[in-house]
1. Rounded to the nearest 20 debye, what is the charge dipole size of the chain about its Cα centre when +1 sits on each Lys and Arg Cβ and -1 on each Asp and Glu Cβ?
2. Check cross-link reach from LYS176 to the aspartates and glutamates: straight Cα distance under 13 Å, and skip same-chain residues fewer than eight apart.
3. Express the relative contact order of the stretch 306-382 as a whole percentage, based on alpha carbon pairs under 8 Å and six or more residues apart in sequence.
4. Would you please put 149-162, 180-193 in order of how densely packed they are, using the mean number of other Cβ atoms within 10 angstrom per residue and starting with the highest?
5. Going by average Cβ density within 10 Å per residue, which order do the peptides 42-51, 123-132 take, highest to lowest?
6. Quick check: net charge around ALA58, other residues with Cβ under 12 Å of its Cβ, Lys/Arg +1 and Asp/Glu -1?
7. Show me, for the stretch 45-58, the HN-Hα J-couplings you get by feeding each phi into the Karplus relation (A = 6.51, B = -1.76, C = 1.60, θ = phi - 60°), rounded to Hz, glycine and proline as x.
8. Using Cα positions and a limit of under 30 Å, work out the lysines in reach of LYS332, with same-chain residues fewer than 8 apart set aside.
Amino acid sequence: MGSSNLANEAPTMRRLTTTTALFALLLAACGGAGDSADSAMPLRDIFSGDCANDGPTAYSAGIGDASQWSHVVPLGAMVGTHVTPVDHIYVYYPTGAENSAPGTFNVTSPADGTIVRVEDFRKSNGYPYADYRIVISHSCDLYSVFIHVGELQGPAAEAAEEAGRNGSWNGSIAVKAGEVIADESRNPGYDFSTFATDAMVDMLNVASYKEKENWKPYTANPFDYFPADVKAAYEAKTLRTAAPIGGTIFYDIDGTAQGTWFVKGTNGYRGAGDESATFDNNGKIARGYWDTHLAFAPHNIDPLAFIYSIGDWEGCPCQFMSKGNVDPSTVKAGGAPTVVDLVEFSASLPNDSPMDPRRPVRGYKLTAGPKVVGSVAFQVNADGSMTVEKRPGKDAASFTGFTADALTYVR
């Protein structure tokens, strides 16, 4: 039992295409940019609070000084309990930057707006250091979300006391573009999301996100919303080199195995488990809402490598590659069951030499390991569902047909 542990991929656990044109074709296959009023709740209703109809629909400043960053992990990471592609980028600082002098690393608002929600993870998650989630409404059509930022500063500090007492704060605090909202100096590194009306994608089943993370259809490549000079500086720090440089979470292709899946009847993304389940990182065992999640999709940095991300692999939320690097988009409805051997993987430099995951290099590649840890059998059905059987310790050659252990997954 196991999975790759590329440390650069998630601070809390510390060529899909090579051209924009081809990526646009994939978006079309996934449903494309949507304008249907009933495909998702409006952003203003999702995040609630004050919003301005005539506010900014693009950023006018940055979120931090890129020259201080070591690297940025783009959208779409699948790692640990993040079984499905994540909707935020990860901003990293150099190793050893921890406990820097206050004011060394600042987080700033990328545009004028209103802080509408603050959560204090010390209260909700028991973290021993300052750790906040901040939602900023720049307009009714553009929202920024910062996760795992440190001590609140400036206008954001007004919400700290109440958030500390109750775990969260909701209200309205004006903030200006470029204004400091948090100090990252003690524990540098945070997540950042952009949600925008004009980025909305008609997902195959938006209902799967209505109970949890209903903003998913609006997930935007954040770099597209920054001024040109800021965008260039940020993209230069991003580990991905294939378009779109900022990554994506939209990999569903109807009628194929590629994309995000949930066990039928388990509340979609919300799942059936605890949101705050005990996590044993050393033992790779974690039980929670992600148990019922599944994703077969390109890796967010090396999109030529296909990841088989499984929420409950004998209790482990694990990510594997397949022997032969089988492309899940080639597995289509109407065919016989497909069975692939699963292997762990590691990161390699562009010249194929091993890479230290603590010091990732832009454009790194994934290398499949030699040891088969098990297999997964799956068959895309005519009704759009997929039959899946996880087979730890059993290779593909031993498959003779689905058993009672098989589960039905839906989008």
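None of the figures in this text is laboratory data; all of them are computed from the coordinates on show. Keep in mind that this is a model prediction, so the values were computed, not measured. Cβ sites come from the backbone with ideal geometry, for glycine too, and all protein chains shown count toward neighbours.
1. Working: 31 positive and 47 negative charges, 215 e Å.
That gives the chain a dipole magnitude of about 1040 debye.
2. Within reach: ASP112.
3. Details: 131 pairs, mean separation 24.7, N = 77.
Value for the stretch 306-382: 32 percent.
4. 180-193, 149-162
5. Numbers: 42-51: 17.0, 123-132: 15.1.
Averaged packing, sorted descending, gives the order 42-51, 123-132.
6. On the way: positive: LYS231; negative: ASP112, ASP141, ASP198, ASP224.
Every neighbour counted, the sum reads -3.
7. So the J values, rounded to whole Hz, are 7, 5, 9, 6, x, 5, 8, 10, 4, 9, x, x, 10, 8.
8. LYS210, LYS212, LYS216, LYS264, LYS323, LYS365, LYS371, LYS390, LYS394
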